[in-house]
Amino acid sequence: MIKEQEYVPYANLHERNNAKNKLIGVILKRNNPNRDNIISYVEKFAKEKEYCIILDYVSDEKEILESIKKLVGKRVSGLIIDSKQNIHYKNFDKLSVYINGTKNFEEKEKVCFYYRLFSASKLATEIFIKYGHKKIACIVNENDISIVEGYKNIMQEADNELDPLWIYLGKNIEDIEQYGIQQCISKGVTAIICGSKEIALCIYKFAKKIGINIPDNLSILVIGDDVILKLLDDGVSAIELPILDICASTVNTLIDLIEKKEEKELKKEFYPKFINRNSIKKPSQNNQGKKIIVVGSLNIDTTIEVSRIPINGETQLAESIKEFPGGKGGNQAVGAGKLNGNVYILGCLGNDIGGKQIYHSLSENHVHMNGIIFDDILSSGKAYINIDKNGESTIVVYSGANKKLNVNHINQYRYLFKNAKFCLLSMEISNEIIKYTINLCKQYNVQVMLKPSAVDKISDDILKDIDYFIPNEKELNQLVISGNNIEKKSEILLNAGVKNIIVTLGKKGCFLYNNNYKKYFEGSGFQAIDTTGGADSFISTLAVYLSEGKHLLESIAYAVYASGLTVSRYGVQPALPDRNLLEIYKDEIYLKYKIFEEE
Ligand code: RIB
């Protein structure tokens, strides 16, 4: 009976003596993203008026009535309720203030203070548009659909294109991290509205991994401010929800209702505001070239310095041993990344320390890493490189995890080939992949650059689809038996359908043969101390400069210099020049190769 009737001993006496319990009941939804802020602000304002709060969480609207009864049983004087609906319970109808943050808020017959997430995302979209963004994505949790509605509303008002793949409604943060961010970024958006700080954190992590700079290449704006956003990177801009103002009005109004027994019919919408930190910029006038895709080997190179490369049956003592991340694919990708190329790699690493080193070297040199997979069984590829006193080298490669790169993997990332300009292929991966990738390139109109290492023969049906064939002299001699000099042999390749043959000639430079040119380029003149990766450097430079629309002769001239710089230092990836270093030689390059006169 006591329980059913909610009997409180001496309740009337308390009432008569006006011995009020100075207690406010707060009922919040468990999944309210602002609940921590609401609790601390409500507590602060209540305390200022000498009230305490008692808190109860509910999972959904249905549990609210039970929660009200429970708190009333604890003799609260009034209630703050996070609910869309108006819930009736005895005389507490007049002692309740509602607080909310949705669009579909039932405002009738109640005292309520609220904001609309809809207004917050409208504001965010307007800000991005003001900055000049057009390709704007919106990534939210599936409960926050009103954020998407506000975003769509402004995008439509502004007559902006709206690709459905720019919107991602995630089931949870893992889903967003795994699929949502990649989906939007691969659509080339320049700005993202994040439905929560957690989403923003995942985007920062992803951007770092694939070498996207925020805000230079991607602007970020978060719905709902938080102290973590002040601390992250150089500060993340946010739309601050008016939680503080709402809590102040809610508490003060409720206490007025409790103490003066005034009947108040009050409702008010509060508006979000923009907090500008350092995560928004105008969309960059992208001066990066078109997309370059590298499909190739990833190795850890053990570089052994010897006075002379050992011959059969001979034992040599090493003068030094060094380890570097390498592999032809890895070197070409890093080379392009260092020169500011828009480069993607497809490759397979072992799940070991070497794999992590290679991964780190690629990602820190701005290579997009979407296409990397890890194999749990085989170790990362390894290359054992002997270098003699003249810097000449021989290489033995153990493929390891590179063997696990397969056609399905390439197919999974075929979307990367769309709008790409070049695909760089080297032959330390299976023939099947080479053929499959070349076919894919044909479908997507991507030009193929092939470095024919570690092969004795290349079939004519591969050659006819090669746009740039880049052997060294030894490789050329091995592949083309007939013809007694470089020019003759190159001509045979040209007749087989190759569009451009560029034979790299070490310190002597290179030779270009195509339908327009038959031309030698003299060497750069740098002293070689480790020739490993000279060709990788040449190829990546050629691809980057061509991808920016530079003339073929100019691109080759830069490639000769980049390769010269690379071989003048030990290792490959640490030795590859970056853009600033290479551009120092611009005048010398133009003068030496008479770039303007030839074009
Ligand atoms: O071209 C040089 C590369 O060939 C080395 O880094 C080594 O790993 C081998 O793949």
**OP:** Scan region 304-331 and report the pairs whose first residue is assigned to a loop (DSSP other than H, G, I, E, B) and whose second residue is β-branched (Val, Ile, Thr) and more than 16 Å from the ligand (Cβ to nearest atom), with Cβ atoms within less than 6 Å and a gap of 6+ or a chain change.
**Re:** Gln316/Val306; Ala318/Val306
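Identify all residues within region 541-595 that are among the aromatic types (Phe, Trp, Tyr), away from the ligand (no atom under 16 Å from the Cβ) and farther than 15 Å from Val334 by Cα; write none if there are none. Let's see the steps before the verdict.
At the first step, the residues of region 541-595 found to be among the aromatic types (Phe, Trp, Tyr) are 545, 558, 561, 570, 585, 590, 593.
Still in the list and also away from the ligand (no atom under 16 Å from the Cβ): 545, 558, 561, 585, 590, 593.
Listed by number, the residues that qualify are Tyr558, Tyr561, Tyr585, Tyr590, Tyr593.
Any idea how many residues of region 494-527 are more than 22 Å from Thr541 (Cβ to Cβ) and either of a type outside the set (A, V, I, L, M) or touching a strand residue (DSSP E or B) at 6+ places or on another chain (Cβ under 8 Å) (or both)?
Keep residues of region 494-527 that are more than 22 Å from Thr541 (Cβ to Cβ), which gives 494-497, 515.
Pick out the ones that are also either of a type outside the set (A, V, I, L, M) or touching a strand residue (DSSP E or B) at 6+ places or on another chain (Cβ under 8 Å) (or both) and you get 494-495, 497, 515.
So the count comes out to 4.
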**OP:** Scan region 431-467 residue by residue and report those that are part of a loop (DSSP other than H, G, I, E, B), surrounded by fewer than 12 Cβ atoms within 10 Å (Cβ to Cβ), over 30 Å from the mean Cα position of the chain (by Cα) and not basic (Lys, Arg).
**Re:** Asp456, Ser459
Original post:
How many residues are buried (at least 18 other Cβ atoms within 10 Å of the Cβ) and either free of Cβ contacts under 8 Å to residues at least 40 places away in the same chain or over 16 Å from Lys29 (Cβ atoms) (or both) when one looks only at region 57-83?
Top reply: 6
Original post:
Looking at region 159-209, which of the residues that are in contact (Cβ under 8 Å) with a residue 60 or more places away in the chain and part of a strand (DSSP E or B) is nearest to Lys230 (Cα to Cα)?
Top reply: Ile193
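Condition check ((1) farther than 20 Å from Gly391 by Cβ; (2) of a type in the set (Gly, Ala, Ser); (3) more than 16 Å from the ligand (Cβ to nearest atom); (4) in a helix (DSSP H, G or I)) across all residues:
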site	(1), (2), (3), (4)
Phe511	yes, no, yes, no
Tyr520	yes, no, yes, no
Gly523	no, yes, yes, no
Ala528	no, yes, no, no
Ser537	no, yes, no, yes
Original post:
Among Tyr545, Tyr590, Tyr570, Tyr558, which is outside any helix (DSSP H, G or I) and of a type in the set (Phe, Trp, Tyr)?
Top reply: Tyr570
Original post:
Taking Ser361, is it modelled with pLDDT of 90 or more, within 16 Å of the ligand (Cβ to nearest atom) and assigned to a helix (DSSP H, G or I)?
Top reply: yes
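For every residue, the table says whether it meets (1) surrounded by fewer than 24 Cβ atoms within 10 Å (Cβ to Cβ); (2) at pLDDT 95 or above; (3) over 15 Å from Lys382 (Cβ atoms).
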position	(1), (2), (3)
Ser297	no, yes, no
Asp301	no, yes, no
Val306	yes, no, yes
Ile309	yes, no, yes
Glu314	yes, no, yes
Leu317	yes, no, yes
Pro325	no, yes, no
Lys328	no, yes, no
Ala333	no, yes, yes
**OP:** Kindly indicate whether Leu493 is in contact with a Lys or Arg (Cβ under 8 Å, 6 or more places away or on another chain), away from the ligand (no atom under 16 Å from the Cβ) and not small (Gly, Ala, Ser).
**Re:** no
Original post:
Of these, Phe422, Phe417, which one is away from the ligand (no atom under 16 Å from the Cβ), in contact with a Leu (Cβ under 9 Å, 6 or more places away or on another chain) and either modelled with pLDDT of 95 or more or under 30 Å from Gln527 (Cβ atoms) (or both)?
Top reply: Phe422
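Would you confirm whether any residue within region 366-382 is surrounded by fewer than 20 Cβ atoms within 10 Å (Cβ to Cβ) and at pLDDT below 90? Spell out the reasoning first.
At the first step, the residues of region 366-382 found to be surrounded by fewer than 20 Cβ atoms within 10 Å (Cβ to Cβ) are 369-370, 373-379.
So of that shortlist, the ones also at pLDDT below 90 come out as 369-370.
For region 366-382, residues surrounded by fewer than 20 Cβ atoms within 10 Å (Cβ to Cβ) and at pLDDT below 90: present.
Just to verify a result, which residue in region 387-405, among those that are within 14 Å of the ligand (Cβ to nearest atom) and under 29 Å from the mean Cα position of the chain (by Cα), is farthest from Ile311 (Cα to Cα)? Please lay out each step first, then the result.
So in region 387-405, the residues within 14 Å of the ligand (Cβ to nearest atom) come out as 387, 391-403, 405.
Restricting the remaining residues to those that are under 29 Å from the mean Cα position of the chain (by Cα) gives 399-403, 405.
Values: Ser399: 23, Gly400: 26, Ala401: 29, Asn402: 28, Lys403: 29, Leu405: 33 Å.
Going through the qualifying residues, I end up with Leu405.
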Subject >> Test set (1) touching a strand residue (DSSP E or B) at 6+ places or on another chain (Cβ under 7 Å); (2) more than 20 Å from Lys518 (Cα to Cα); (3) of a type outside the set (D, E, K, R) - Ser459 fails condition number >> reply: (1)
Original post:
Could we say that Ile458 is under 18 Å from Ile429 (Cα atoms) and free of Cβ contacts under 8 Å to residues at least 60 places away in the same chain here?
Top reply: yes
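Restricting to region 300-326, and then to whatever is under 30 Å from Asn406 (Cβ atoms) and more than 24 Å from the chain's Cα centre (by Cα), can you tell me which residue is nearest to the ligand (Cβ to nearest atom)?
First pass over region 300-326, keeping only residues under 30 Å from Asn406 (Cβ atoms): 300-303, 323-326.
Narrowing further to those that are more than 24 Å from the chain's Cα centre (by Cα): 300-303, 323-324.
Working: Ile300: 8, Asp301: 5, Thr302: 9, Thr303: 9, Glu323: 11, Phe324: 7 Å.
Result: Asp301.
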Original post:
Which of (1) assigned to a helix (DSSP H, G or I); (2) crowded, with 22+ Cβ neighbours inside 10 Å; (3) modelled with pLDDT under 95 is the odd one out, the single condition Asn411 does not satisfy?
Top reply: (2)
Subject >> Candidates Ile293, Ile280, Ile345, filtered to the one that is among the hydrophobic types (A, V, I, L, M, F, W, C), within 30 Å of Glu126 (Cβ to Cβ) and either in contact (Cβ under 8 Å) with a residue 40 or more places away in the chain or within 16 Å of the ligand (Cβ to nearest atom) (or both) >> reply: Ile280
**OP:** Could you look through region 150-188, keep only residues that are under 23 Å from Phe206 (Cβ atoms) and small (Gly, Ala, Ser), and pick out the one that is modelled with the highest pLDDT?
**Re:** Gly170
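The values are calculated or read from the model by the stated rules, or taken from the named source; none is laboratory data. Only a predicted model underlies this, so the values are computations on that prediction, with no experimental measurement involved. Virtual Cβ from ideal backbone geometry, glycine too; neighbours counted across all protein chains shown.
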